[in-house]
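Enquirer: Sharing a structure, written as structure tokens. Questions coming.
The values are calculated or read from the model by the stated rules, or taken from the named source; none is laboratory data. Just so it is clear, the structure is predicted and the values come from calculations on it, not from any experiment. All Cβ positions, even for glycine, are placed from backbone atoms using ideal geometry, and neighbour counts span all protein chains on display.
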Amino acid sequence: MKDALEYFRANLVNMIAKYEGEYVAIIEDKIIAHGRDVKKVYQEAKDKFPKKVVFLGQVPRKEALILWENVSSLQRKILQASGLFTDL
């Protein structure tokens, strides 16, 4: 089985261009629904694939990514160790 979280991480930059600020529903390695209302996105995904596990993620806005450029290397290491930060 393909990992939806890994797909989200690996394709985040591309998703920002298309789904900026939206929620995406991913099954394995495919985006199957997207939109601004997380409940509707989830329901659309479950309607299409009722027996599958759905990964939901929110694609950040470009402005949110700019903030990470100002994180020092020490802060970055602390955030990475805690699982709160991933380099793209």
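Enquirer: Spot the failing condition for Val53; the list is (1) assigned to a helix (DSSP H, G or I); (2) modelled with pLDDT under 95, and only one is missed.
Expert: Looking at each condition in turn, Val53 falls short on (1).
Enquirer: Here's another thing I want to ask about it. Does any residue in the stretch 20-38 that is on the phi > 0 side of the Ramachandran plot and at pLDDT below 95 come within less than 8 Å, Cβ to Cβ, of a residue that is assigned to a strand (DSSP E or B) and of a type outside the set (A, V, I, L, M, F, W, C) six or more places away or on a different chain, and which pairs are these?
Expert: If the second residue must be assigned to a strand (DSSP E or B) and of a type outside the set (A, V, I, L, M, F, W, C), the pairs left are Gly21/Gln58.
Enquirer: Sticking with this structure for a sec: Which of the residues that make up the stretch 19-55 are in contact with a helix residue (DSSP H, G or I) (Cβ under 7 Å, 6 or more places away or on another chain), closer than 13 Å to Phe8 by Cβ and of a type in the set (D, E, K, R)?
Expert: Within the stretch 19-55, Glu28, Asp29 qualify.
Enquirer: Based on what the data block shows, is Lys46 assigned to a helix (DSSP H, G or I) and modelled with pLDDT under 95?
Expert: no
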